[in-house]
Amino acid sequence: MASINPAAQSIESRRLVGANGSTEAVTARESVAAVSISDLRKSYGDLDAVDGLSFDIKQGEIFALLGPNGAGKTTTLEILEGYRKRDSGEVNVLGFDPQHDADSIKPLIGVMLQSGGIYPSVTPFELLDLLRNFYPNARKPEELLELVGLADSAGTHYRHLSGGQQRRLALAAAIVGRPKLLFLDEPTSAMDPQARRATWDLIEDQRNQGTTIILTTHFMEEAERLADRIAIMDHGRLLTLEEPATLRRNGGSTVRFSSPASIEPAELEQLSSAVSVRSTGQGQYIIETENPIVLLDELTTWARTKDILIDDLRAGHETLEDVFLRLTGHQVRE
Amino acid sequence: MQPLIAQTKMEIRLTMRRFEAVLITMIVPVILLIFFGLIGLAPDDYSRPIDFLLPSMLVLAVMSTGLVGLSIRTAYERSYGVLKRLGSTPLSRSNLLLAKVNSVILVTLGQIVVLILIATLGFGWRPEGNLLLAGLVLVIGTATFAGLGLLLAGVLRAETTLAAANTLYIFLLLFGGIIWPADRLPGGISFIGELLPSAAFSTAMREILANGETAVTPIIILSLWGIAGIILASRTFRWE
């Protein structure tokens, strides 16, 4: 295979090196995308669920796919996983076409469904002990249970586990076969904050060991913390695909505040340095501006004359949530 | 082989873990065998009621494990997303279906042993025909009802499967030659009854075990059901 190339040891590629330090595999893999989608289309009757979608997922990155409900995320994932047939377009997953070579892809991927997928009357140990038989070089159940913090619940029937424990078992089940590509559909839903953070560490570990991860989530914090790149889609189309920091930097400056008074956005738009105004509901207002300092001055003056209480006033770049809202016109959760 | 064996073990475990299903599949044929054996009820030309009853209850046991138990279990696995999840693993669809059929055959084997023990020890039953042929028919019958169960689960929703499987169970129990020979049913019903898989199955078992015949016609009818059931089941099987 390829020789070890010291120049390839950039910060980006360091992540790709497996726990065993297998650099040669890394050098070979870097050149090819793990997943490649080009002009993908899929409709259900009149509805174009995926409408000309194109993007690549790089080897060894965590790729977050965001979008409001019905944006086409699940359909896209299910086409990649081999569950659905596409209407047209090109799809390549780890060198194979999922529609025709599903059997070649299955040993290489791990799938965590959005919900369910596990026998209710089976214990975590029994499930993992079953799945290990399907993969050539599987992880041991004991090791996985330890990894996801379920060692104490190894003998509890799935239906009696808490929501967060069920998600952790689904995650363990997804990595039994040491997948090269991991599909995580809302991996930390139903988890408490502590379990969520532990799960983030675990997902990062998988990435650091060389696994490519495609992730959907409703938690912007999760996408910002984990994702190397974030794709936002709506109506079956890609709206943007950037690194999280770039995504936020590209957005304009904003001034945001909350107020117990109900304010018409049109009223705020009359402030001379406001470019646009959005209300996120729950009494939150975001004003886009080219000159935040002047706007702050105008806003506070306006509020004082109108005798309106302003709370939690902040100026800065857009948050990921703002970007999402601006691009899709939707709340992250609906 | 390793995936098939592992999945078969899981299927057996799942069968045994559904208590209410185990109850109906295990206990009902045993109770009926003992009840009708004790009151000695059987059609006229059976000198010993057990010669009629045992084949009936073997068929009933196979039917409840294969048709009822398997169809309901599979339909709920689909609605829980378990089949979808398994569909993303390297476990092939044929291995999954085969594991399910295997589990039905193995669980049924246990029931058969229990029923034969009760018949032998309690009611003095002795086999007279070709036991090898009887065993073969049991395997064909088990595969047939497993196929029909998977077919039901393939075409119906979980709740509908539950209702349909239980209705079919009662229907076949009454009109399908189990509690009463299909050829003794009145008029046109008897003709239809005799073509049902349970009637072909139980007639074949009775003719082989009680009369020492080869039961060619019922074995052919049963096999046709089996082939049709298994082909349709694998065609209609969906992961989700």
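Regarding A:LEU113, is this residue in contact (Cβ under 8 Å) with a residue 24 or more places away in the chain, closer than 29 Å to A:GLY155 by Cβ and not β-branched (Val, Ile, Thr)? Quick ask: steps written out before the conclusion?
Details: in contact (Cβ under 8 Å) with a residue 24 or more places away in the chain: yes; closer than 29 Å to A:GLY155 by Cβ: yes; not β-branched (Val, Ile, Thr): yes.
For A:LEU113, the condition - in contact (Cβ under 8 Å) with a residue 24 or more places away in the chain, closer than 29 Å to A:GLY155 by Cβ and not β-branched (Val, Ile, Thr) - is met.
Confirm whether A:GLU267 is outside the structural domain of A:ARG225 (by TED's automatic domain parsing) and either more than 31 Å from the chain's Cα centre (by Cα) or free of Cβ contacts under 8 Å to residues at least 12 places away in the same chain (or both). Answer is yes for this residue.
The requirement of being surrounded by fewer than 23 Cβ atoms within 10 Å (Cβ to Cβ), part of a helix (DSSP H, G or I) and not aromatic (Phe, Trp, Tyr) is satisfied by A:GLN165. Would you confirm whether any residue within the stretch B:166-186 is open to solvent by 50 Å² or more (accessible area, probe 1.4 Å) and basic (Lys, Arg)? Yes, the conditions are met somewhere in the stretch B:166-186. Kindly evaluate B:GLU240 against the criterion of being within 14 Å of chain A (Cβ to nearest Cβ) and either of a type in the set (Asp, Glu) or farther than 29 Å from B:ILE12 by Cα (or both). Here the answer is yes, as B:GLU240 does meet what is asked. Scanning the stretch A:131-162 for residues that are away from chain B (no Cβ under 12 Å), charged (D, E, K, R) and either surrounded by 20 or more Cβ atoms within 10 Å (Cβ to Cβ) or not in a loop (DSSP other than H, G, I, E, B) (or both) yields a total of 4. Being more than 20 Å from A:LEU127 (Cβ to Cβ), within 14 Å of chain A (Cβ to nearest Cβ) and either among the aliphatic types (A, V, I, L, M) or surrounded by 21 or more Cβ atoms within 10 Å (Cβ to Cβ) (or both) is a property that B:ILE116 lacks. Please specify each residue of the stretch A:168-185 satisfying the condition of being more than 15 Å from A:THR199 (Cα to Cα) and open to solvent by less than 40 Å² (accessible area, probe 1.4 Å). Correct list: A:VAL176, A:GLY177, A:PRO179, A:LEU181.
Of all the numbered requirements in (1) at pLDDT 95 or above; (2) farther than 22 Å from A:LEU147 by Cα, A:LEU239 misses one, and that requirement is (1). Restricting B:ALA6, B:ALA21, B:ALA75 to those that are buried (at least 22 other Cβ atoms within 10 Å of the Cβ) and within 14 Å of another protein chain (Cβ to nearest Cβ) reduces the list to B:ALA75. When A:ARG86 is tested against (1) within 7 Å of another protein chain (Cβ to nearest Cβ); (2) surrounded by 18 or more Cβ atoms within 10 Å (Cβ to Cβ); (3) assigned to a loop (DSSP other than H, G, I, E, B), only condition (1) is not met.
Before we move on, is A:SER279 within 21 Å of A:GLY329 (Cα to Cα) and outside any strand (DSSP E or B)? Give the steps one after another, and end with the answer.
Values: within 21 Å of A:GLY329 (Cα to Cα): yes; outside any strand (DSSP E or B): no.
No; evaluated as a whole, the condition is false for this residue.
Selection over the stretch A:210-233 of residues that are open to solvent by 20 Å² or more (accessible area, probe 1.4 Å) and at pLDDT 95 or above gives a count of 2.
How many residues, within the stretch A:243-268, are assigned to a strand (DSSP E or B) and open to solvent by less than 30 Å² (accessible area, probe 1.4 Å)? I'd like the intermediate steps shown before the answer.
Just the residues of the stretch A:243-268 that are assigned to a strand (DSSP E or B), to begin with: A:253-258.
Okay, now just the ones that are also open to solvent by less than 30 Å² (accessible area, probe 1.4 Å), so A:254-258.
Residues flagged as assigned to a strand (DSSP E or B) and open to solvent by less than 30 Å² (accessible area, probe 1.4 Å) within the stretch A:243-268 amount to 5.
The values are calculated or read from the model by the stated rules, or taken from the named source; none is laboratory data. Quick caveat, the model's predicted, so the values are computed rather than measured. Every residue, glycine among them, receives a Cβ derived from its backbone with ideal geometry; neighbour counts consider all protein chains shown. What goes into the accessible areas is simple: the full protein's heavy atoms, side chains included, and nothing from ligands, DNA or RNA. Shrake-Rupley method; radii C 1.70, N 1.55, O 1.52, S 1.80 Å.
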